[in-house]
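Participant: Shown below is the structure under consideration.
The values are calculated or read from the model by the stated rules, or taken from the named source; none is laboratory data. Computed from a predicted model, the values in this text were never measured in an experiment. Here the Cβ positions follow ideal geometry from the backbone for every residue, glycine too, while neighbour counts run over all protein chains shown. Heavy atoms of the whole protein, side chains included, go into the accessibility calculation; ligands, DNA and RNA do not. Shrake-Rupley method; radii C 1.70, N 1.55, O 1.52, S 1.80 Å.
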Amino acid sequence: MQFHQLGTAGPQVSAFGLGCMAMSGMYGPADRAESLATLWAALDVGVTLLDTGDFYGMGHNEMLIGAALAGRQRERVQLSVKFGALRDPAGAWIGIDTRPQAVKTALAYSLQRLGVDYIDIYRPARLDPQVPIEDTVGAIADMVRAGYVRHIGLSEVGADTLRRAAAVHPICDLQIEYSLISRGIEAQILPTCRALGIGVTAYAVLSRGLISGHWGAAGTNRPGDIRALMPRFQPGNVERNLAVVEALRAIAAARGASVAQIAIAWVAAQGADIIPLIGARTRERLHEALGALALTLTPDDLAVIERAIAKDAAAGDRYPAALMAHLDSERVGG
Ligand SMILES: NC(=O)c1ccc[n+]([C@@H]2O[C@H](COP(=O)([O-])OP(=O)(O)OC[C@H]3O[C@@H](n4cnc5c(N)ncnc54)[C@H](OP(=O)(O)O)[C@@H]3O)[C@@H](O)[C@H]2O)c1
């Protein structure tokens with residue numbers, strides 16, 4: 001495993017992180033034993049960065065990670081936790097709350113569920129339009145000073161919010177979608193991160209499995225799989241997006257790699273300040289994804305890939321319209 005520092009203010013983390021969201025129902029039911037085996041397999045090969053959110057399965061994901069870490073050396077992992085998304089008992093998304101008192105309450109509960117006494121990177125999942133980012137970051141900074149949090153991160157915010165937040169406390173990373181078909185960050189957000197010394201943890205590097213080479217036009221009918229609602233997976237769009245995969249398939253074959261490995265390696269090749277999160281929930285997918293670590297794309301490879309897949313190749317937005325409206329990162333000038 002290789003390691004990189006996450007931003008100028010952040011910890012050393014493994015070159016790939018494990019995103020644990022799909023282990024808690026967000027992409028349909030997951031198998032607990034396989035999820036635990038996947039977590040252990042990742043830890044065993046040296047993955048140290050584990051990403052979760054308190055709202056993934058309404059606490060389920062944190063308790064799962066807590067179980068996986070039992071008996072392991074806590075100091076050897078970096079726990080990255082998102083908070084602020086509100087859900088009801090049926091799982092509906094009912095808003096966002098990042099007021100200072102909500103920050104401290106959510107943190108207290110996350111520490112209990114994870115079974116740890118500090119969180120390495122704590123971040124609001126979205127910008128709360130009712131709460132100045134200075135207040136939210138200020139409250140997390142209080143928790144840094146009290147020893148409950150080591151570093152502060154952000155998620156899906158734009159350049160202006162990054163600057164305002166970094167003026168309050170060092171921000172170690174921005175978590176944001178970045179893949180061959182989601183390249184919006186390249187215009188302003190990534191340059192701003194670089195100017196401020198903020199790293200990037202890139203999610204949906206496979207566009208939620210769409211460009212993994214394993215997705216079929218038949219889609220998914222697994223209960224709770226949020227991908228069924230995502231614009232890029234809708235009939236009419238999905239066929240166009242799968243055409244991107246066919247272009248990647250030829251390139252992958254020429255390199256003796258899989259489509260997923262090429263897509264992940266492309267993100268990793270964009271800079272040592274970018275840590276791809278691997279969204280695997282099975283050991284099979286994990287091992288495929290980790291194969292991208294050994295794949296160094298040459299400038300010629302990158303040129304071939306970028307000629308084959310235009311920056312705006314995706315058909316459909318990243319999220320449904322109502323959720324796009326919550327993305328500070330998608331605001332004009334963001
Ligand atoms: N900050 C945010 O707003 C935000 C949003 C979303 C996610 N995240 C974080 O980012 C992590 C990754 O996001 P994501 O799951 O959407 O990313 P992804 O890596 O693009 O998609 C993961 C899905 O792709 C499929 N897949 C196919 N081949 C794979 C392979 N070789 N390796 C891994 N997955 C493969 C799997 O679906 P099947 O299991 O169905 O095959 C898997 O669940 C999440 O776990 C979460 O921690 C953050």
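Participant: If I ask for residues that are aliphatic (A, V, I, L, M), in contact (Cβ under 8 Å) with a residue 24 or more places away in the chain and either within 12 Å of Arg232 (Cα to Cα) or assigned to a loop (DSSP other than H, G, I, E, B) (or both), which ones from the stretch 292-324 would you list?
Facilitator: Of everything in the stretch 292-324, those that are aliphatic (A, V, I, L, M), in contact (Cβ under 8 Å) with a residue 24 or more places away in the chain and either within 12 Å of Arg232 (Cα to Cα) or assigned to a loop (DSSP other than H, G, I, E, B) (or both) turn out to be Leu295, Leu297, Ile309, Ala313, Ala314, Ala315.
Participant: Please state which one of Ala37, Ala30, Ala85 is within 11 Å of the ligand (Cβ to nearest atom), out of contact with any strand residue (DSSP E or B) (no Cβ under 7 Å at 6 or more places or on another chain) and either aliphatic (A, V, I, L, M) or more than 28 Å from Ala265 (Cα to Cα) (or both).
Facilitator: Every option except Ala30 fails the conditions.
Participant: Being assigned to a strand (DSSP E or B), open to solvent by less than 10 Å² (accessible area, probe 1.4 Å) and modelled with pLDDT of 95 or more narrows it down to one residue among Leu18, Leu39; which is it?
Facilitator: Sole residue among the options that is assigned to a strand (DSSP E or B), open to solvent by less than 10 Å² (accessible area, probe 1.4 Å) and modelled with pLDDT of 95 or more: Leu18.
Participant: Hey, another quick one. Between Gly57, Gly66, which is outside any strand (DSSP E or B), in contact with a helix residue (DSSP H, G or I) (Cβ under 7 Å, 6 or more places away or on another chain), closer than 22 Å to Val144 by Cα and not aromatic (Phe, Trp, Tyr)?
Facilitator: None of the others qualify; the one that does is Gly66.
Participant: Condition (residue is more than 20 Å from the chain's Cα centre (by Cα), away from the ligand (no atom under 11 Å from the Cβ) and open to solvent by 20 Å² or more (accessible area, probe 1.4 Å)) applied to the stretch 48-68: is it met by at least one residue?
Facilitator: For the stretch 48-68, residues more than 20 Å from the chain's Cα centre (by Cα), away from the ligand (no atom under 11 Å from the Cβ) and open to solvent by 20 Å² or more (accessible area, probe 1.4 Å): present.
Participant: Please work out which one of (1) modelled with pLDDT of 95 or more; (2) part of a loop (DSSP other than H, G, I, E, B) is the condition Ala90 fails and give its number.
Facilitator: So the condition that Ala90 fails would be (1).
Participant: Thr8: within 17 Å of the chain's Cα centre (by Cα), modelled with pLDDT of 95 or more and either surrounded by fewer than 16 Cβ atoms within 10 Å (Cβ to Cβ) or within 26 Å of Asp225 (Cα to Cα) (or both), yes or no?
Facilitator: Criteria not met by Thr8.
Participant: Quickly run through the stretch 285-307 and pick out the residues that are among the acidic types (Asp, Glu) and near the ligand (Cβ under 8 Å from one of its atoms).
Facilitator: Within the stretch 285-307, Glu288 is the sole residue that qualifies.
Participant: Another question, if that's okay. For the stretch 223-254, how many residues are more than 13 Å from the ligand (Cβ to nearest atom), closer than 27 Å to Ala303 by Cβ and of a type in the set (A, V, I, L, M, F, W, C)?
Facilitator: Count: 8.
Participant: A further question on this structure: Might you let me know whether the stretch 44-60 holds any residue that is among the acidic types (Asp, Glu) and touching a residue at least 12 places away in the same chain (Cβ under 8 Å)?
Facilitator: yes
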